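Read the structure below first, then the notes.
What follows is calculated from the coordinates using simple rules that are stated; it is not laboratory data. Keep in mind that this is a model prediction, so the values were computed, not measured. Counting neighbours? That spans all protein chains shown, and the Cβs are built from the backbone with ideal geometry, glycine included.
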């Protein structure tokens, strides 16, 4: 029996946890396909993390100081320095040497995470120096932050020089990569659309039983408080004022702010922390109200829940706004721009939300397809090296 393919995935989440969740979903799909998967996470530890089936390695942790993503803070909340960069790079390179992967997948880079070039460029150098050289892939969501003028060319150069393939975890019929990356045509030979990458439900998670309700969620919670506050105020203005509401605050929301929301909640409103069975709450929901991050948007739409999105758009962030515009063009959601977020505007959107059109299908088989593409590439490279 041949040895299982060894895979190493690198991921860095900075504010929310979407990047980590997507990397975990990729890792679980690879493991389900028979690979031996190590996932190196550079973000802050996440409570109740489900990493079953993977070798999860926590690197020295860092997070963004704010939504500008210009400054990284270390585990103690201090800006990272050269000593910290050296320590983290050494930890990552030691891990790479120990794993000796046949497959290296890096989430987002070189389309983003420029602040991590200090460790990712040495990692890529190490990969190219390994014998045999692993398959090197970029794992990419459907929409990226559009590059600053002059930077797209550098991304293209890095892809063509450093990467065997770019897995775009999306559906081009819904949102093609060129919606957010202008030079997509120059790397089309490297692109592989996989469909959306959804995390499979935990096998031991009980079926969620609940009365139909309005579900308001804020993802990781670091920037979701305004949405939760607006939803509390909007309830009495909607046609669902007498129905149950459930507000899910992410674990990154400060405890004092969480308690303040709980105090303000009226009867019929449950305020709790984010739940592992979130997807189990969605089928049959009266309406889902959330930000428009990759994971949440696809989970909501796959459950065919009437959807209202309020995109995160601080500090020139446009990813979620682009997603809202694209989805709304297909009749899949209502959305409220954050600068227009008021209880009245949110209530009107909630009352107008309907289920997605019956004939519109979303490709959510991204996990299986990603694993198939990657493991096939590993097998083909091994065959070529022997031939």
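Observations on the structure shown:
- For the range 277-295, the residues whose backbone nitrogen is under 14 Å from a point 7 Å from the Cα of residue 330, taken along Cα to Cβ, are 294-295.
- Within a Gaussian network of the chain (alpha carbon springs, distance under 10 Å), most fluctuating of 267, 219, 367: 267
- Highest-first packing order for the peptide set 290-301, 184-195, 369-380, 31-42 is 290-301, 31-42, 369-380, 184-195, based on the mean count of other beta carbon atoms within 10 Å.
- Calculated translational diffusion coefficient of the range 1-64 (20 °C, 1.002 mPa s; Stokes-Einstein with Kirkwood radius over alpha-carbon pairs) equals 178 µm²/s.
- Part-to-part distance (alpha-carbon centres) for the range 31-89 and the range 281-312, which is given in Å: 27 Å
- Between helix 152-162 and the chain: long-axis angle, C-alpha atoms, 0 to 90°, nearest 10: 50 degrees
- Extension gain for the segment residue 97 to residue 273, taken as residue separation times 0.36 nm less the Cα-Cα distance, is 59.5 nm to one decimal.
- Distance from the range 1-30 to the range 154-204 (C-alpha centre basis), Å: 15 Å
- Rounded if a/c under 1.5, otherwise prolate or oblate - the range 214-352, Cα gyration tensor axes: rounded
- Packing-based ranking, highest mean first, of 111-122, 46-57 given that Cβ atoms within 10 Å are counted: 111-122, 46-57
- For 235, 141, order by how many other beta-carbon atoms lie within 10 Å, fewest first: 235, 141
- GNM flexibility winner over the chain from 61, 83, 265 (Cα, springs under 10 Å): 83
- Estimated from the Cβ-Cβ distance and a Förster radius of 30 angstrom, the FRET efficiency linking residue 178 and residue 344 is about 0.25.
- Axis angle, to the nearest 10 degrees, between helix 117-129 and the longest C-alpha principal axis of the chain: 40 degrees.
- A protection proxy built from the mean count of other Cβ atoms within 10 Å ranks the segments 91-98, 147-154, 318-325, most packed first, as 318-325, 91-98, 147-154.
- Taking every DSSP helix (H) stretch of at least 4 residues in the chain, weighting each as -39,500 (n - 2.57) and dividing the sum by the residue count yields a mean residue ellipticity at 222 nm of -10500 deg cm²/dmol.
- The chain: angle of helix 255-264 to the longest principal axis, Cα-based, in degrees nearest 10: 20 degrees
- Global form of the range 221-292, assessed from the alpha-carbon gyration tensor, a/c cut-off 1.5: oblate
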